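One structure below.
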Amino acid sequence: MSETSRVIVVTSGKGGVGKTTTTANVGMALAGLGEKVALMDADIGLRNLDLALGLENRIVYDIVDVVEGRAKLRQALIRDKRNQNLALLPAAQTRDKSAVTPAQMKQVITDLKEEGFTFILIDCPAGIEQGFVNATAGANEAIVVTNPEMASVRDADRIIGLLEAQDLRDPMLIVNRLRVKMVKSMEMLGVEDVQEVLGSGVHLLGIVPDDESIITSANRGEPASLNLESLAGQAYRNIALRLKGEQVPFMDLEEKTGFMDKLRKIFSARK
Amino acid sequence: MAITSFIERIFSKDKSAKSVAKDRLKLVLMQDRASIPGHILEQMRKDILQVVSRYLEIDESALDLNLEKADGSVALTANIPIKRVLPETTASTPK
Ligand SMILES: Nc1ncnc2c1ncn2[C@@H]1O[C@H](COP(=O)(O)OP(=O)(O)O)[C@@H](O)[C@H]1O
Ligand SMILES: [Mg+2]
């Protein structure tokens, strides 16, 4: 049993903001740093994490099989051939959220800890209902993924409140799909804006650019974090390092905000 | 704040989409966060009615209780149509 297992739920409220992409890539990056990583797809009925990792053809058993006793946890876990440190526990595709209870989720997580995983990342489904409750039940920490876009930030705020109610305080924040050019030309919310409206309770963990390589690598089933040359690959590696407690400066993706922002800062600093 | 918006007006003909989005977000989040569960609002409505009707005869059915955005903050407003002011003797004794 690993004493230091960290159980982190990746959540957002809104769908399509990049939870699954983030789980796959941060998981792969952590494995690349030598951590033993289990990725759990908690989106029962809409499984996706297997695709993001390119492991869809290797699924024999899933989490519901484990919970209902048809398979041992070890039989259901899929070891990634590219990095043996990484394992996936797939969701069931033909069942729905009610197939698993929060207590059963907790038990699976306890068993994953027994297997010696140092990081257990849980890919949370969209929404705030049972799927969310299940996915957060056994977690000790939370990563909130948001896009720099109003509806996404609003949902993130709501999720932060619900996480708090589950005793998951001070979540980490990943701003995904940032378009640097649009922020610079004052057409899009920047990372600082998102942080400002969400308040000081959230801690910025990373910034991931809107990057075509993420889409092409998702199509190939090869997480972008495998390619450290790419901007996205670096962003995920930095996130993995920060999760391990290292101080890594944020990449120069958004700091150069517009002229008006600078002025505004100067004036608001001395009010 | 005033200086900033003044300069902003000189330099750009409109507020940027970025700052409009931020302002709108701030406001909507404030409303979201201040949202009060329906049953609490209902209880509050009854309590307010009880207190006010010690002094005024009011149209209970027309009481309108709202959370509204006002000037960057959220305000609780109550619109209570008054039928008549009760005489002081009645008013001083809570029922
Ligand atoms: N940083 C990014 N840049 C470009 N595309 C991205 C990025 N993050 C996610 N995507 C794409 O957005 C879509 C939704 O992402 P996904 O991870 O499935 O979201 P969620 O799990 O939150 O529903 C996918 O097609 C994915 O490839
Ligand atoms: Mg997903």
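Some observations on this one:
- Selection over the range A:1-60 of residues that are of a type in the set (S, T, N, Q), within 15 Å of ligand 1 (Cβ to nearest atom) and open to solvent by 10 Å² or more (accessible area, probe 1.4 Å) gives a count of 3.
- Filter pass, residue A:129 being free of Cβ contacts under 8 Å to residues at least 60 places away in the same chain, open to solvent by 60 Å² or more (accessible area, probe 1.4 Å), within 16 Å of ligand 2 (Cβ to nearest atom) and over 20 Å from residue A:237 (Cβ atoms): yes
- The residue list B:10, B:3, B:36 contains one member that is modelled with pLDDT under 70 and either charged (D, E, K, R) or within 24 Å of residue A:182 (Cα to Cα) (or both), which is B:10.
- Of the helices (runs of 4 or more DSSP H) lying entirely inside the range A:32-111, those carrying at least 2 residues that are in contact (Cβ under 8 Å) with a residue 60 or more places away in the chain are A:49-53.
- Selection from the range A:105-114 of residues that are of a type in the set (D, E, K, R) and open to solvent by less than 50 Å² (accessible area, probe 1.4 Å): A:113
- Filtered residues of the range B:51-61 (kept if polar (S, T, N, Q) and closer than 14 Å to residue B:86 by Cα): B:53
- Candidate set: the range A:193-209, residues that are open to solvent by 60 Å² or more (accessible area, probe 1.4 Å) and more than 28 Å from residue A:34 (Cβ to Cβ); chosen: the one farthest from ligand 1 (Cβ to nearest atom): A:200
- Pick from the range B:13-33, criterion modelled with pLDDT under 85 and more than 16 Å from the chain's Cα centre (by Cα), ranking: surrounded by the most Cβ atoms within 10 Å (Cβ to Cβ): B:15
The values are calculated or read from the model by the stated rules, or taken from the named source; none is laboratory data. Please read all numbers here as calculations on a predicted model, not as lab measurements. Reconstructed Cβ throughout: ideal geometry from the backbone, glycine too, with neighbour counts over all protein chains shown. These accessible areas exclude ligands, DNA and RNA; they are computed on the full protein's heavy atoms, side chains included. Shrake-Rupley method; radii C 1.70, N 1.55, O 1.52, S 1.80 Å.
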